[in-house]
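The values are calculated or read from the model by the stated rules, or taken from the named source; none is laboratory data. What you are looking at is a predicted structure, and each value in this text was computed from that prediction instead of being measured. Cβ: placed from backbone, ideal geometry, glycine included. Neighbour counts: every protein chain shown.
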Amino acid sequence: MLEALPKAMFSLLASSGTLKSLASRYGLRGPTGFARRFIAGETIDDAIATAHEIHRAGLEVTLDHLGESVATREGATLATRAYISAIDAIVHSSISRNLSIKLTQLGLDIDKATSLDNLRRVLDAAGHASVFVRIDMEGSAYTDLTLDTFETLWSIGYRDVGVVLQSSLKRTPADLERVLRLGGRVRLVKGAYREPRDVAFHHKRDVDAAFVELMRILLRRSTRPAIATHDPAMIESTRTFAAQHSLAPETFEFQMLYGIRRDLQTMLSRNGYTVRIYVPYGREWFPYFMRRLGERPANVTFVIKSLMREKN
């Protein structure tokens, strides 16, 4: 059955052009499309409408225009313009002023200078609008480039920008110290990319142990860290540690993905925690969608049931 497939298999499926083409025809078709649970839609208007729904539930949002591994300067320029347009839409719609981006979408695979120039354009627009920008962390091949870019921006005065670190990578404790020395804001995640064993932990218990240790450092030493997880055990560890150290709920926030563990989102919000939902949108949604399936078997079951309804 599909839900028995390992995460690596979903990574391979995500690169299938044929599967992407088929999914694109049906995944977001109508309100019952099988990808609608995890993707807000293909346009910024779809994302804004979804954000308003999330706000009505008492939660915050960050928008993400999907797309990665852009291979041309033209494509990187188009992605840059899309993010600047998203900033304008965020301001005019009065939703949370928070945006997530990927450097490969801005041209990192072309060269570092291209992505840095494009990122500065986005940050300049965001700065004028008081929009906080989070640089997503991609596969481990990009970790050094991403952190170098973040440090360069920080050194020339950009402050409304943060970065993501992954507990699955063995190098992350040192990377966290680097970011903390700068004073940067961190979103902590487990990590959704397929990585070699010499780079990343492959057993859940090791990833979880690293997550808890990094979380504790963040809560003690950083400015408004984002603890991004759907794992009840990680959430409870965070809540317990915060209570033991008399840390007020407003000093950090939980972050979760759109459509995943809505029960936990609601529970945390009702208990006074800030919960921010990562809202993805855009035409290039398929690789993101496949990673979500690979992370949690229950997501596969949901999609299968949706497809069964589609046939009936």
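Some points to look at:
- Beta carbons closer than 7 Å, at least 6 apart along the sequence or on distinct chains, never pair a first residue in segment 127-149 that is closer than 21 Å to PRO280 by Cα and without any contact (Cβ under 8 Å) to a residue 12 or more places away in the chain with a second that is among the β-branched types (Val, Ile, Thr) and not in a helix (DSSP H, G or I).
- The residues listed here are THR240, THR229, THR223; of these, the one that is exposed (fewer than 15 other Cβ atoms within 10 Å of the Cβ), at negative phi, touching a residue at least 40 places away in the same chain (Cβ under 8 Å) and not hydrophobic (A, V, I, L, M, F, W, C) is THR223.
- For segment 172-224, taking the residues that are within 15 Å of MET234 (Cβ to Cβ) and of a type in the set (Phe, Trp, Tyr), the one that is farthest from the chain's Cα centre (by Cα) is identified as PHE201.
- Residue within segment 198-210 that is touching a residue at least 12 places away in the same chain (Cβ under 8 Å) and within 18 Å of THR62 (Cβ to Cβ) present: no
- Set LEU63, LEU123: member being in contact with a helix residue (DSSP H, G or I) (Cβ under 9 Å, 6 or more places away or on another chain), more than 19 Å from ILE277 (Cβ to Cβ) and at pLDDT 95 or above: LEU123
- Of everything in segment 167-209 that is touching a Leu at 6+ places or on another chain (Cβ under 7 Å), farther than 16 Å from ILE227 by Cα and among the aliphatic types (A, V, I, L, M), the residue that is surrounded by the most Cβ atoms within 10 Å (Cβ to Cβ) is ALA200.
- Any hit, segment 92-103, residues being closer than 19 Å to VAL161 by Cα and touching a Pro at 6+ places or on another chain (Cβ under 9 Å): yes
Here's the yes/no breakdown for (1) aromatic (Phe, Trp, Tyr); (2) assigned to a helix (DSSP H, G or I); (3) within 18 Å of the chain's Cα centre (by Cα); (4) surrounded by 22 or more Cβ atoms within 10 Å (Cβ to Cβ):
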residue	(1), (2), (3), (4)
THR77	no, yes, no, no
THR80	no, yes, yes, yes
ALA86	no, yes, yes, yes
HIS92	no, yes, no, no
SER96	no, no, yes, no
GLN105	no, yes, yes, yes
ASP124	no, yes, no, no
ALA141	no, yes, yes, no
GLU151	no, yes, no, no
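- Filtered by the rule that a residue be touching a Leu at 6+ places or on another chain (Cβ under 7 Å) and closer than 15 Å to ARG159 by Cα, segment 101-122 gives a lone residue, LEU119.
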